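Just so it is clear, none of the values below were taken in a lab; they were calculated from the coordinates. Note that the coordinates shown come from a computational prediction; the quantities given were computed from them, not determined experimentally. Counting neighbours? That spans all protein chains shown, and the Cβs are built from the backbone with ideal geometry, glycine included.
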There are 2 protein chains.
Amino acid sequence: MKRRLITLSSPLFRKQQLFDTLSCSSHHQFHVNLLSCAETTNPSSTTTTNGGVAATIKDPEPPVNVEKGIHDRQVSFAKSTHKPKEKKNLVILGSGWGGFRLLKEIDMEKYNVYLSTPRNHFLFTPLLPGAACGTVELRSIIEPVRRAVYHEDYHYFEGKAIAIDTENRRVICKPNYEQDPNFSLNYDELVIAIGCDVNDFGVPGVKEYAYPIKEIQHARAIRNQVIQCFERAANPSTPVHLRETLLHFVIVGAGPTGIEYAAELHDLIRDLSKHFPPDIVEEVRLTVLEAGSTVLSAFDTSLQRYTQKFFRRNHIKIRTNQQVKRVISQNAVELHDGSIIECGLVVWSAGIRPRSIPVSQGPPLPIDPKTKKILVSDHLQVKGFENIYAIGDVSLIESMPLAATAQVAQQEGLYLARALNGTIPKEKPFVYHHSGQLAYIGNYRAISQVGALKSGGFLSWVFWRSAYLTKLVSIKNKFNVLMNWTSTFFFGRDISRF
Amino acid sequence: MKRRLITLSSPLFRKQQLFDTLSCSSHHQFHVNLLSCAETTNPSSTTTTNGGVAATIKDPEPPVNVEKGIHDRQVSFAKSTHKPKEKKNLVILGSGWGGFRLLKEIDMEKYNVYLSTPRNHFLFTPLLPGAACGTVELRSIIEPVRRAVYHEDYHYFEGKAIAIDTENRRVICKPNYEQDPNFSLNYDELVIAIGCDVNDFGVPGVKEYAYPIKEIQHARAIRNQVIQCFERAANPSTPVHLRETLLHFVIVGAGPTGIEYAAELHDLIRDLSKHFPPDIVEEVRLTVLEAGSTVLSAFDTSLQRYTQKFFRRNHIKIRTNQQVKRVISQNAVELHDGSIIECGLVVWSAGIRPRSIPVSQGPPLPIDPKTKKILVSDHLQVKGFENIYAIGDVSLIESMPLAATAQVAQQEGLYLARALNGTIPKEKPFVYHHSGQLAYIGNYRAISQVGALKSGGFLSWVFWRSAYLTKLVSIKNKFNVLMNWTSTFFFGRDISRF
């Protein structure tokens, strides 16, 4: 007989409710049949369905010494004899700005909500460059999706949607762990909010050698690489030419992320300079490469000029009209004019592209051929599908193309939640309200552009910090970020490598 | 012409001083000649010496487009024409409790201090189990060795000592980055404080599948693995037998680390239980395996019994007299009696052994055949070597064998600093003062044993927290740990996996 940690919760009541939820819709038998998940058609696989959730189970490696069969879980679900609740199943794919806002606003008294995404947290992207330089800690700017909502009818499953069976209204998901069998989620309404991925624009070597800056683990990798470069450069046996290479940091892309990363790295180097020998610190160079003719193209030209001037003063070099031909190694980048730049780190923040959209079993989803985004109406409904919606960076409103920003995604999530909740009239389309934009440019300075108001400097930085502190999605994160900023201000950034 | 970040510091004055330091001792030519670093005998290698530091430089992969030679650094050192300072060179190997305390206490007006270790931070080990469960953040319990001391004559180099040339009084170090050439450090006094490593006792599979808990990156790996187990178990397609396996956490070793890890994991699971379905949480099991007949063998039997009883109440199973025969995979452990335990995670905290001691070129260092530790006198001097000392877990005082604990190492570091500084009489031997011991046992309870005072419970836990908060080595860490504890108390532990 096994002892279990039953003191950890008093779950009997909640457990019963979970069974109700899981057995709330009809029990179809359903076999996944896709090129991309061909293993599930294995004759040894069994399919069990439990309401909103269906598991296509394949016999895994038989673990040692276990007699229990794979049907136990189905049996345990079958115990429930309570009446199913009259609620629609809402499936959300993605935990970014759009999906997370929708999740927070949706009325769980009207929907059983199933969220599935391979990333079990929401990332507060504006502070990502800061996290990559130790201004805030990594875990301070992420929020677990399981904590987002406390409701018995909210369920999160870690997995990537690989196919949508529009006829049977199911999404097939692949768990993060390769060997685990796929599962599927029944939907009445489906929201695709899977966002964007890093775009290498087909430049060779980017995937292999450059450091993207899009997810929280990227911030960790970049931070370690910067400190490694410094430690290697400080070793007495490092030849001068290698030391110069290691201490040259190259950022590709002068959009808000690239500029903010350069600014934060400048601040980190200011902290490092207190602890590394001066001859090491003197060698440090920062270069921002931009394919276009201007930095921060979404900002007003006066702010672009201000940023360029400020960067020049801090000896951060901005090279516009410089297209990267290839990344040769971790330590060399080739430009289109044939010149080669040696460096210790290449940060790639040149652009984004929609993630691979789940295959449709049935009529294909309408995709814009140029942007590869899902075409949606101004009600955010995927064209040709009544009960499928797409929001955020992965979607394109044909009548009103919007920038791929957090505020667009967030407003779309909020609009859709209200539309699904029925709190706004059905005929009301989505309207975007631009609330301005901000960017940190280093050394306690930021630029801000809100309506006709444009400003740059220390006060903008105060505004920048206040705005983001307010927008952080949980009190926990607000507290932790505030404490990180306090710690960084008084004690500097941590320079340990691990 | 290159622009450099010269605004980042005003280093001209300090730079000159650094050159003085580096050129302060005689310029021997010295070739590394060792089996373990045979590549340095490559005829293409060149040796440059600069006072305390000598670089055995091997031509690395020639980077693209660089014309500078490998001698530039030597040239730049040669610029210095100032008189060398009359100071002894002290080389410290290791940044653990012993080495770090020595570093903090040594008088830099009397010594040029060179610290070399592959780990560029000090780790506050007592809070490691907490860091592995998210009670404190990883970076809150480490302190960069570069920040430890602000002095022009303190230098840190990231590298592992591989050989000691006792005749020429040099240590040969290998940088962390494989391809970088070795360097050597001249010493007048050498302190070996390299500490201990995880001991697998020759049990097969430990290295491959078990999770050690000794360094800060181990805490990160364990934390991710626990959350991964929960997420996988919560996926609807996970078969029941696999789910049961994943939710069984096994800790090998019931010393303070093993017990504290079990306690912290219990607390983490309590937090997780708020966010995972109750049927998942109900399945969780914790088992502590101990080869000996008792837990926490260094504690009083009354406290051992108290801990065992408390663990039983929290449904943490302690199995004493259970020797692990092998770790079969990440998910299975075989015991000596032939039984197999399935689990999602095996944490290995069964014991430690001294790290590989640098080879001596010249007479060998005296090593105790049983413990493999360096034999030292009660003045912490390595037997037979006048100017070499060993402190902490790697050393053994023949007349007075001490436990391999943080407080022993710390007191040895302090004693040696005072002895080297000349603030205590030369004839005074090292005497260990036991200041008691503490262990966290979960759910706001701890046990403490200070002199004849033995107690367990909530007040001991308050004492436990206060004691460790006081002992944290920097105000920064004290602040961060306090804020982490506050955040954890109010908002719970973070359950994101990344």
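Data table
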item: The range B:170-251 - convex hull of alpha carbons, volume per residue in Å³; result: 157 Å³
item: Viscosity 1.567 mPa s, temperature 4 °C, Stokes-Einstein D of the range A:183-225 from Kirkwood C-alpha radius, µm²/s; result: 96 µm²/s
item: Amide proton proximity set for A:V288, modelled H, under 5 Å, gap of 5+; result: A:I251, A:K317, A:I318, A:R319
item: Cβ-vector label at 7 Å, B:I475, separations to other copies in nm; result: 3.0
item: Descending principal axes extents, the range A:370-480, alpha-carbon based, whole Å; result: 50, 34, 24
item: Anchor B:K174: aspartates and glutamates whose Cα lies under 17 Å away (excluding residues fewer than 8 positions away in-chain); result: A:E231, B:E39, B:D59, B:E158, B:D165
item: Calculated label separations, A:I367, copies of the chain, 7 Å along the beta-carbon direction, nm; result: 6.1
item: Aspartates and glutamates whose Cα lies under 13 Å from that of B:K454, excluding same-chain neighbours fewer than 8 positions away; result: B:D300
item: Mean-position separation - Cα centroids, the range B:148-178 and the range B:367-406, in angstrom; result: 21 Å
item: Nearest beta-carbon to the B/A symmetry axis - residue in chain B, distance in Å; result: B:M483, 2
item: Distance between the range B:247-295 and the range A:214-249 - C-alpha centres, whole angstrom; result: 38 Å
item: Ranked packing of B:87-96, A:394-403, A:162-171, most packed first, by mean Cβ within 10 Å; result: B:87-96, A:162-171, A:394-403
item: Among the listed pairs A:K478/B:K274; A:K88/A:K383; A:K476/B:K476; A:K214/A:K373; A:K214/A:K274, those beyond 23 Å (Cα-Cα); result: A:K214/A:K274
item: Whichever aspartates and glutamates have a C-alpha closer than 13 Å to that of A:K110, once near sequence neighbours (fewer than 8 apart) are set aside; result: A:E86, A:E152, A:D153, A:D188, A:E189
item: Sorted by Cβ density within 10 Å, fewest first, the residues A:L286, B:L469; result: B:L469, A:L286
item: Shortest-first nm distances, B:R313 label point to equivalent points in other copies (7 Å, Cα→Cβ); result: 6.3
